[in-house]
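The values are calculated or read from the model by the stated rules, or taken from the named source; none is laboratory data. Worth saying up front: this structure is predicted, and the values here are computed from it rather than measured. Methodologically, a virtual Cβ is constructed for each residue, glycine included, from the backbone with ideal geometry; neighbour enumeration extends over all protein chains shown.
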Amino acid sequence: MHTAVSSPSPDHVLANRRYWDEERADWFGARARGYWAATEPFWGIWRIPQTELPVLPDGIAGQDAVELGCGTGYVSAWLARRGARCVYAGWWWRI
């Protein structure tokens, strides 16, 4: 369940949210299917695979994980695929 805190946001927060919702949604949308269908996660703009850059720890199954500022939840999703129980927080309430 998701609970949003209702309070006024500063102008820069609203501008950032608007940018990601309006300008970057197409960029992410065009790439999302390939990112989620991959057999392993990859990192950064050079798309370095997990096997070459082990960001996610081994033995995470059954562990709790918290991801703050998760954006699309990419890291949390890969942790969950490895058996972790994830809690994540970000601005993407609508996904």
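Residues that are modelled with pLDDT under 90, outside any helix (DSSP H, G or I) and surrounded by 10 or more Cβ atoms within 10 Å (Cβ to Cβ) within the range 6-50 comprise 9, 24, listed in sequence order. Residues of the range 51-71 that are surrounded by fewer than 16 Cβ atoms within 10 Å (Cβ to Cβ) and part of a loop (DSSP other than H, G, I, E, B): 51, 52, 53, 54, 55, 57, 58, 59, 61, 62, 63, 69.
Selection within the range 83-95: residues that are assigned to a loop (DSSP other than H, G, I, E, B) and not aliphatic (A, V, I, L, M). The member of this set that is modelled with the highest pLDDT is 83.
Does residue 80 qualify as being modelled with pLDDT of 85 or more, surrounded by 10 or more Cβ atoms within 10 Å (Cβ to Cβ) and in a helix (DSSP H, G or I)?
Working: modelled with pLDDT of 85 or more: yes; surrounded by 10 or more Cβ atoms within 10 Å (Cβ to Cβ): yes; in a helix (DSSP H, G or I): yes.
Yes.
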